[in-house]
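The next block holds one structure in the form of structure tokens; read it before the comments.
Values in this text are rule-based calculations from the coordinates and carry no lab data. Note that this is a predicted model, so its numbers are computed, not measured. Note that each Cβ is placed from the backbone with ideal geometry, even for glycine, and that neighbours are counted across all protein chains shown.
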Amino acid sequence: MHWSTKVNTGFSENHGANLGTTMSTETTPRSPGRSPSLSAYRALASSLASGRWPPGSLLPSERALAEELGVSRTTLRHALRELADAGFLEPAPQRGWFVARAYISEGPNVLMGFSEGAAARGLTAGSRTVSLSRHPCSFEMAELLGVPPASEVVELERVRTLDRLPVAVQSLSLPQRLVPGLERELLDDTSLYRLLAERYGLTPSRCDYTLQAESASEHIASLLDIAVGSPVLVGHEVTVDSQDRVIAAGRMVYRGDAYRFTATLFRL
């Protein structure tokens, strides 16, 4: 997912005790460029997400990449630096650019699903469904989803894993009218973004995201196999599709020792 501190974002919750550290500063994410640089960034990010280059591998030369993408080397370097700032690449003087080795990291430039982000780092994403049900939504959730109060929603809670290690708890609500039968379709280890796109024609295009620090509740601690009160990072998200419809709202709770967030802040 493209992530940010309260900006339009995405790699995506029962609350623990709020530590009062809310990273909700409005930011303007550094743009890789208006056109060619942004195109190069997205093309490279897509190649990383597909696993074209495994973690730790050396990318092709800048000359070869620039020719492949049809951009200048200056434009290419700008895109490469953005990917490095987001934690996906590591520069090596006189040697080139290496794909970063596996760890969870989010940058504010590209909306990427959990499974896509894992693939970009050569990791195997998985999930275990804790609960999946349909019921009338609360007033607060109705406001987030932009639906009438008490509208039917599908609510899910899943433990997300990387190479079988539990690293996050995902809790989301989706308008039932947009995802009929989701309870039967969403199986363990299924990519929600892929399912939404392929089964329901819902393509996530933007995610408003707020990140804050909390301490793990007993419920979250048991799911993540950590001690109660351990630090966790909680990302509250509202995801919008290409038709500007809110398709999901909820949160993702990450183990504090397994997550890194990267952002560029500008002084106003």
Among 140-147, 168-175, how do they line up from the highest to the lowest mean number of other beta-carbon atoms within 10 Å?
168-175, 140-147
Length gained when the stretch Arg95-Thr129 is fully extended (0.36 nm per residue, less Cα-Cα span):
7.9 nm
Pairwise label distance in nanometres, Ala213 with Leu268, each label 7 Å out on the Cα-Cβ vector:
2.4
What size of dipole, in debye to the nearest 20, comes out for the range 31-102 about its Cα centre when the only charges are +1 on Lys and Arg C-beta atoms and -1 on Asp and Glu C-beta atoms?
40
Can you check what the net charge comes to around Val240, using other residues whose Cβ is under 12 Å from the Cβ of Val240 (Lys, Arg +1; Asp, Glu -1)?
-2
The answer for Ala100, listing residues at least 5 apart or on another chain whose modeled amide H is closer than 5 Å to its amide H, is Gly56, Leu89, Glu90
Roughly speaking, what is the stretch gain from Arg164 to Arg42, that is 0.36 nm per residue apart minus the C-alpha to C-alpha distance, in nm to one decimal?
41.1 nm
Treat every Asp and Glu Cβ in the range 109-204 as -1 and every Lys and Arg Cβ as +1, leave all other atoms uncharged, and give the resulting dipole magnitude about the Cα centre to the nearest 20 debye.
220
Pick out, in residue order, every one of the trypsin sites (Lys or Arg not before Pro) in the range 153-182 that is DSSP loop and has at most 15 other C-beta atoms within 10 Å; say none if there are none.
Arg164, Arg177
From the backbone phi of the range 236-242, what are the Karplus-calculated ³J(HN,Hα) couplings (6.51 cos²θ - 1.76 cosθ + 1.60, θ = phi - 60°) in whole Hz, Gly and Pro given as x?
8, 9, 10, 9, 10, 8, 5
HN-Hα J couplings of the range 143-150 from phi, Karplus 6.51/-1.76/1.60, θ = phi - 60°, integer Hz, Gly and Pro as x?
5, 5, 7, x, 10, x, x, 6
